[in-house]
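Enquirer: Here's a structure for you.
The values are calculated or read from the model by the stated rules, or taken from the named source; none is laboratory data. This one's a predicted model, so the numbers in the text were calculated from it and none came from an experiment. So basically every Cβ, Gly included, is an ideal-geometry build from the backbone, and we count neighbours across all protein chains shown.
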Amino acid sequence: MRRAIAILGGTGALGQGLALRWARAGEEVIIGSRDRGRAQAAAQSIVQLVGPSALVSGMENSAACARTKLCVLTVPFGSQAALLKELKAVLQAGTVLIDATVPLAASVGGRATRVLGVWQGSAAQQSAELVPPGVSVVAAFHNISSDTLHRDAAVECDSIICSDDEQARKIASELAEKIPGVRAIDGGKLENARIVEQITALLIALNIRYKTHGAGIRITGIL
Ligand SMILES: NC(=O)c1ccc[n+]([C@@H]2O[C@H](COP(=O)([O-])OP(=O)(O)OC[C@H]3O[C@@H](n4cnc5c(N)ncnc54)[C@H](OP(=O)(O)O)[C@@H]3O)[C@@H](O)[C@H]2O)c1
């Protein structure tokens, strides 16, 4: 079943990069923001890049969330819990919420190369605690650099996808593979998101050490 993709916090680096790639793939994308004008401006800039056939709109986060049962969360860890609490009333049962949040220490003024301890185990597990019943949380896209998404070239990176809901994991995997070069890897249960989130901090450190912006991962040895 084809659904529009609402990207909550979609005006940022990762959200815009994903929006660009999915719009290019012909998906309908709704960019969410705290500010409707900012969301519309971000949507307009994607349409300019992709062309007039692009199905991209912008609206306030809660309006975007209410429009579809497929949401992607791309906000800094420091605002993740507050935003989910705010969206509780509009998140519909049957929604797949794909969470890319990494609990980087930078989100609370620390270093981007460190992750914070999250009481629930990971940012994704924190989301799972905060969403209403019937909403399935999937952890995905943590190891894809926004920089690579904003380029034209294929994104040479795997996305390890974790969820306790197999069908939701499948939906997120299909979405990941709409991005040229990305391979979705079944990462199993949501609790494994803790490891995947930590890899992002390592990738940021590698970007600094190797003076690049596009470090990613490939899992070898599996078809
Ligand atoms: N950037 C990457 O390459 C990358 C890669 C993998 C994972 N991630 C993770 O993905 C998430 C987003 O990363 P990003 O680099 O795109 O972040 P970002 O650009 O700093 O922020 C994304 C958006 O979040 C919204 N936001 C900021 N503060 C907020 C608040 N207090 N309440 C509600 N919304 C707020 C803003 O949208 P509005 O101001 O329009 O509301 C902003 O444009 C982070 O958790 C990050 O760790 C990022």
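Enquirer: Can you tell me how many residues within the stretch 70-98 are away from the ligand (no atom under 12 Å from the Cβ) and either touching a strand residue (DSSP E or B) at 6+ places or on another chain (Cβ under 8 Å) or at negative phi (or both)?
Expert: Step one: filter the stretch 70-98 for residues away from the ligand (no atom under 12 Å from the Cβ), giving 70-71, 88-97.
The next check asks that each one be either touching a strand residue (DSSP E or B) at 6+ places or on another chain (Cβ under 8 Å) or at negative phi (or both); those that pass are 70-71, 88-93, 95-97.
Going through the stretch 70-98 one residue at a time, the tally reaches 11.
Enquirer: Does P103 qualify as being away from the ligand (no atom under 12 Å from the Cβ) and either free of Cβ contacts under 8 Å to residues at least 12 places away in the same chain or surrounded by 23 or more Cβ atoms within 10 Å (Cβ to Cβ) (or both)?
Expert: Details: away from the ligand (no atom under 12 Å from the Cβ): no; either free of Cβ contacts under 8 Å to residues at least 12 places away in the same chain or surrounded by 23 or more Cβ atoms within 10 Å (Cβ to Cβ) (or both): yes.
Here the answer is no, as P103 does not meet what is asked.
Enquirer: So, one more: Are there any pairs with C-beta distances below 7 angstrom linking a residue in the stretch 9-22 that is without any contact (Cβ under 8 Å) to a residue 40 or more places away in the chain and aliphatic (A, V, I, L, M) to a residue that is part of a loop (DSSP other than H, G, I, E, B) and within 11 Å of the ligand (Cβ to nearest atom), with the two at least 6 apart or on different chains, and if so which?
Expert: Pairs found: A19/G10.
Enquirer: For the condition modelled with pLDDT of 95 or more, touching a His at 6+ places or on another chain (Cβ under 9 Å) and either at negative phi or assigned to a loop (DSSP other than H, G, I, E, B) (or both), what is the one hit in V196, V155? Let's see the steps before the verdict.
Expert: Numbers: V155 fails: touching a His at 6+ places or on another chain (Cβ under 9 Å).
One residue alone meets the criteria, V196.
Enquirer: Touching a His at 6+ places or on another chain (Cβ under 7 Å) and surrounded by fewer than 20 Cβ atoms within 10 Å (Cβ to Cβ), is that true of D164? Can you show your working first?
Expert: Numbers: touching a His at 6+ places or on another chain (Cβ under 7 Å): no; surrounded by fewer than 20 Cβ atoms within 10 Å (Cβ to Cβ): yes.
In short, no.
Enquirer: I've got another one for you. Against the definition (of a type in the set (V, I, T) and within 14 Å of the ligand (Cβ to nearest atom)), how does I5 come out, yes or no?
Expert: On the way: of a type in the set (V, I, T): yes; within 14 Å of the ligand (Cβ to nearest atom): no.
For I5, the condition - of a type in the set (V, I, T) and within 14 Å of the ligand (Cβ to nearest atom) - is not met.
Enquirer: Name the residues in the stretch 6-57 that are among the aliphatic types (A, V, I, L, M), within 15 Å of the chain's Cα centre (by Cα) and not in a helix (DSSP H, G or I), would you?
Expert: A6, I7, L8, V29, I30, I31
Enquirer: Now a separate question. Take the residues in the stretch 106-120 that are of a type in the set (A, V, I, L, M, F, W, C) and either crowded, with 22+ Cβ neighbours inside 10 Å or over 25 Å from D158 (Cα atoms) (or both), then tell me which one is farthest from the ligand (Cβ to nearest atom). Reasoning before the result, please.
Expert: Taking the stretch 106-120 first, the residues of a type in the set (A, V, I, L, M, F, W, C) are 106, 108, 112, 115-116, 118-119.
With either crowded, with 22+ Cβ neighbours inside 10 Å or over 25 Å from D158 (Cα atoms) (or both) added as a condition, the list becomes 108, 115, 119.
On the way: V108: 12, V115: 9, W119: 17 Å.
The selected residue is W119.
Enquirer: Of the residues that sit in the stretch 58-69 and are assigned to a strand (DSSP E or B) and surrounded by fewer than 24 Cβ atoms within 10 Å (Cβ to Cβ), which one is nearest to the ligand (Cβ to nearest atom)?
Expert: Of the residues in the stretch 58-69, the ones assigned to a strand (DSSP E or B) are 58-60.
Cutting the leftovers down to surrounded by fewer than 24 Cβ atoms within 10 Å (Cβ to Cβ) gives us 59-60.
Numbers: M59: 11, E60: 9 Å.
Going through the qualifying residues, I end up with E60.
Enquirer: Being of a type in the set (A, V, I, L, M, F, W, C) and more than 26 Å from A112 (Cα to Cα) narrows it down to one of L203, L149, L223, L190, so name that one. It would help to see each step written out before you state the result.
Expert: Working: L203 fails: more than 26 Å from A112 (Cα to Cα); L149 fails: more than 26 Å from A112 (Cα to Cα); L190 fails: more than 26 Å from A112 (Cα to Cα).
Testing whether each residue is of a type in the set (A, V, I, L, M, F, W, C) and more than 26 Å from A112 (Cα to Cα) leaves just L223.
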